[in-house]
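Where a number appears in this text, it was derived from the coordinates with a stated rule and is not lab data. Computed from a predicted model, the values in this text were never measured in an experiment. Note that each Cβ is placed from the backbone with ideal geometry, even for glycine, and that neighbours are counted across all protein chains shown.
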Amino acid sequence: MRTKETIAAEIAEQARILAESVQAGNEAQRRLGLLLAELNVRGEPTARAIIHIAAAAFSLPADTLLSKSRKEWVFLARACAMEMMRESGWTQERIGLAFVSDDKPGGLDHSTVKHAVKTLKDRMAQDESLRNRVTRAIDTMNRGGKPE
């Protein structure tokens with residue numbers, strides 16, 4: 001039986017593959033979903049899994065979402081992950097803690113999460129392409145990482 005650490009390492013590898021190749025995305029996404037199902041039997045996606053799905057939706061490495069980067073595309077991907085966590089019933093405080101990194105040892109403040117999600121929603125209201133991208137990422141999360 002594989003350990004959570006082994007499964008988490010496999011998830012990270014599959015997310016990297018997914019982000020590198022859009023054409024191979026469906027197979028990598030399917031494998032990511034299978035690993036997600038093994039890691040979290042309660043059906044609630046983990047922070048790591050959500051971050052990987054959001055990063056893949058924006059064709060970024062998952063580590064980028066944990067960085068201090070304020071580039072628009074990174075901000076939107078990070079906000080997408082936050083929205084996905086919010087859709088899963090997470091509190092703003094819990095969402096902020098999911099973004100702990102070497103650069104941000106305390107994670108993100110709840111007000112940062114609130115601002116990011118509001119900004120994302122405002123942008124989605126005006127940008128159909130962004131709205132579709134975020135909706136697909138949420139749908140992927142709700143299917144446990146499995147492609148359509």
Positive minus negative residues near S69 (Lys, Arg vs Asp, Glu; Cβ under 14 Å):
+1
Would you mind getting the Kirkwood hydrodynamic radius of the range 42-102 from its Cα pairs, rounded to one decimal in Å?
11.4
Please work out the FRET efficiency for the pair S129 and K68, using the Cβ-Cβ distance as r and a Förster radius of 30 Å; give the result to the nearest 0.05.
0.70
